[in-house]
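A.B. asks: Structure provided below as structure tokens; questions to follow.
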Amino acid sequence: MYQWHAVESPTGTFIVGLYNKQLKHAQVVEVNAGGEVLRQFSSPLGENQDLHVAVDSHGNAFVADFDNHHILLLDADLSLRRVIIYEHRLNDKPRRLCYREQSGQLMTASEYGGVTVFEVLFR
């Protein structure tokens, strides 16, 4: 496996974006401090991408899906809630992201260096 990015969840576990060489596709997994996989999300992520994630205080995960040109929202169980930002709203493939929960801003950095800021509201 190639790990691309990891963030700590509100429960003290880690949400990791990785490429699984054995399965030949990208995944988002939750692991504990001992490295045990607790949950995983594998679809519809593309192949050979570097996945970046951000989490909110409830454990929801934002995933920059580079290959498919959009941003996903996963719930605390790593189940897909929905695609929240589609290709036509992004200037380029999303490579990095940062979520500022207090302001509700999701910032994405693109493949060629541009930054886009979105306001994300939850109910």
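Since every read-out is calculated from the coordinates, none of them should be taken as a lab result. All values derive from a computational prediction rather than experimental measurement. Because the Cβ atoms are built from the backbone with ideal geometry, glycine has one as well, and the counts that use them run over all protein chains shown.
A.B. asks: About the Cα centre, and with charges only on the beta carbon of Lys, Arg (+1) and Asp, Glu (-1), how big is the dipole of the chain? Nearest 20 debye, please.
C.D. replies: 120 debye
A.B. asks: Report, for the chain, the % of DSSP beta bridges that are antiparallel, rounded to 5.
C.D. replies: About 100 percent, rounded to the nearest 5.
A.B. asks: When ranked by the protection proxy of mean other Cβ atoms within 10 Å per residue, highest first, what sequence do the peptides 23-30, 3-10 form?
C.D. replies: Ranked by mean Cβ neighbours within 10 Å, highest first: 23-30, 3-10.
A.B. asks: Evaluate the distance, in nm, between pseudo-label points positioned 7 Å from the Cα of Gln40 and of Ser57 along their respective Cα→Cβ axes.
C.D. replies: Label-label distance for Gln40 and Ser57, simple model: 3.2 nm.
A.B. asks: Amide H to amide H under 5 Å from Glu111: which residues, 5+ apart in sequence or cross-chain, H placed 1.01 Å off N in plane?
C.D. replies: Lys93, Arg95
A.B. asks: Right, here's the next one. Taking 0.36 nm per residue of separation and subtracting the Cα-Cα distance, what length does fully extending Ile84 through Ala33 add?
C.D. replies: That pair, Ile84 and Ala33, stretches by 15.4 nm at full extension.
A.B. asks: Counting pairwise Cα distances across region 2-119, what percent come out greater than 24 angstrom?
C.D. replies: For region 2-119, the fraction of Cα-Cα distances above 24 Å is 18 percent.
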